[in-house]
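Trainee: Pasting a structure below so you can have a look.
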């Protein structure tokens, strides 16, 4: 990345950490995502790099559904759209322990409610399983 790049952290595109079933998480995100998508599209015109924080790439599914798989792939391949993967959360433990890093295991089950602890290819596969992008995942080694 060049030091002259204009970058943006698109925090409004973060789906949020919870362990609801995938369809509920997706529906909840989409019910409040209109302003986030407006900001994402405007940001793509103004910034060289847009970074979207994610736990399990459920927001990638939303991006593919709203923008289409070709536009999403083009944005990612050009380096304009990137994801910052968070594998857990920070929590206050109390009792003198202070702030701790909490990670979540992923058992690999197709029926898992979350892929938060999965490695990146498994998390992307989990999130995109119900989209048209699923059929091109082998092209990208996923």
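The values are calculated or read from the model by the stated rules, or taken from the named source; none is laboratory data. Keep in mind that what you see is a predicted model, and the values were worked out from it rather than measured. For neighbour counting, all protein chains shown are included, and Cβ atoms are generated from backbone atoms with ideal geometry for every residue, glycine included.
Trainee: Count, please, the residues in region 118-135 that happen to be within 21 Å of residue 27 (Cα to Cα) and at pLDDT below 75.
Mentor: 5
Trainee: If I filter region 16-33 down to residues being under 15 Å from residue 55 (Cα atoms) and under 14 Å from the mean Cα position of the chain (by Cα), which single residue comes out as surrounded by the fewest Cβ atoms within 10 Å (Cβ to Cβ)?
Mentor: Within region 16-33, the match that is surrounded by the fewest Cβ atoms within 10 Å (Cβ to Cβ) is 18.
Trainee: Somewhere in region 41-50, is a residue over 27 Å from residue 7 (Cα atoms) and either surrounded by 11 or more Cβ atoms within 10 Å (Cβ to Cβ) or more than 14 Å from the chain's Cα centre (by Cα) (or both)?
Mentor: So far as region 41-50 goes, no, none of its residues is over 27 Å from residue 7 (Cα atoms) and either surrounded by 11 or more Cβ atoms within 10 Å (Cβ to Cβ) or more than 14 Å from the chain's Cα centre (by Cα) (or both).
Trainee: Something else about it: Any residue in region 45-54 that is within 20 Å of residue 129 (Cβ to Cβ) and modelled with pLDDT of 85 or more?
Mentor: Yes, region 45-54 has at least one match.
Trainee: Also: Restricting attention to strands (runs of 3 or more DSSP E) lying wholly within region 1-88, give those where 1 or more residues are closer than 16 Å to residue 126 by Cα.
Mentor: 49-54, 81-85
Trainee: Can we say residue 36 is modelled with pLDDT of 90 or more and buried (at least 16 other Cβ atoms within 10 Å of the Cβ)?
Mentor: When the stated conditions are applied, residue 36 passes them.
Trainee: Looking at region 53-99 only, could you name the residues that are touching a residue at least 24 places away in the same chain (Cβ under 8 Å) and loosely packed, with under 13 Cβ neighbours inside 10 Å?
Mentor: 79, 84
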